[in-house]
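Quick note: the coordinates plus some simple rules give every number you see, no bench work behind them. Note that the structure is a prediction, hence the values are computed from the model and not measured. Counting neighbours? That spans all protein chains shown, and the Cβs are built from the backbone with ideal geometry, glycine included.
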Amino acid sequence: MTSSSLSWGKWATNPPTQIGNGNTANFYAEGAKGSATGTQGSVVYYFSDNQTYLTISFDIPYTGANSGGLTLDGTGMSNYTAQETDDSYSTVVSFPSSGSSVTTYFAIGQASSNAAFAETDFSASIRRRLTLPKAAALPSVDIATAARAISCGAIPGPELVKLFDGKTEATALDVLTSAPPNVDKADVIRFVALSNIVPTQTAFSVSVDFANHVVDVLEPNPEAYGAALDIIDDLKKYPGGGSGNLTKLVDELERVKATMLVSRTAAANAPKIAAIEAVLACVHMGTGAALAQSASCAQLAVEGTDEEKTIVKWEYDYLLEALKV
């Protein structure tokens with residue numbers, strides 16, 4: 001373990017400093033005055049390559065919606081698989097959005113291992129994500145939860161009040177419509193996405209469209225471009241359609257990404273890798289997190305081009321129009 005932190009609450013069972021291969025680790029956080037007072041924190045573990053790390057985060061507030069999950073980062077991330085699951089450690093699920101006593105499970109391993117979670121059926125996972133009631137987005141977010149959820153200084157208090165336009169609760173459409181001009185539109189997109197208040201199907205569809213908007217960045221690499229286009233085409237058919245070939249397509253795109261990452265020209269490939277990550281976010285992540293990630297990756301994919309100046313406004317306007325439908 002590299003670090004652990006609790007912004008709220010206390011550890012009832014401390015995270016272990018090291019987790020060996022094949023082992024299961026348990027840790028438990030609770031409110032400072034017991035389980036009903038809320039807790040918020042994160043744990044970071046580095047893998048044995050010392051280049052890749054896993055962050056597990058959680059926010060179980062006293063009132064409002066829960067949020068959390070895991071992210072992989074680092075130059076070797078394509079070598080590993082990390083999924084949030086049920087207690088079988090094989091069925092992929094989303095972080096529970098409600099409940100004051102929440103148990104979550106995470107399965108982590110080598111991408112090439114034979115573990116059940118490495119053999120995820122992405123088609124089934126996405127359908128569950130889009131149709132299960134417990135995975136549904138929240139109708140609104142309250143201002144107190146919003147104030148805690150926003151990173152320090154990203155949206156100052158007075159502007160946050162303006163975002164809510166005099167209300168104590170706001171929908172995603174309320175927030176985007178009321179956002180004052182001095183607040184970075186990228187921060188507003190990220191806020192509504194990670195607050196999980198964008199309707200589930202809308203968040204998923206817009207994520208796919210954000211990825212599709214920058215997929216042409218991959219055109220110089222026919223293999224990556226073809227796989228990405230096929231994945232996007234498949235994703236547009238969910239939840240009712242899909243070819244059943246999604247897992248194979250994702251594996252192909254992951255392999256191309258891994259080749260780019262270890263190339264001597266990895267820095268020059270950064271826009272292409274960002275475009276790939278925009279596509280993969282739609283597959284691997286819950287709909288709110290995928291919306292935030294695909295928006296961010298799309299912005300990175302066009303850095304240094306003329307479109308860099310306009311993409312955030314395009315994303316903002318596109319999401320706003322999708323919410324109005």
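Here is how the numbers come out for the structure above:
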quantity: Against the rule of thumb 2.2 N^0.38 Å, how large the Cα Rg of the stretch 182-242 comes out; calculated: 1.35
quantity: Principal axis dimensions, largest first and in whole angstrom, of the stretch 177-325 by Cα; calculated: 44, 38, 20
quantity: 22 Å Cα-Cα threshold exceeded, pairs from LYS162/LYS324; LYS162/LYS309; LYS185/LYS257; LYS185/LYS324; LYS272/LYS309; calculated: LYS162/LYS309; LYS185/LYS257
quantity: Sorted by Cβ density within 10 Å, fewest first, the residues THR81, THR104, THR24; calculated: THR24, THR104, THR81
quantity: Per-residue Cβ neighbour rank within 10 angstrom, fewest leading, SER88, SER140, SER94; calculated: SER88, SER140, SER94
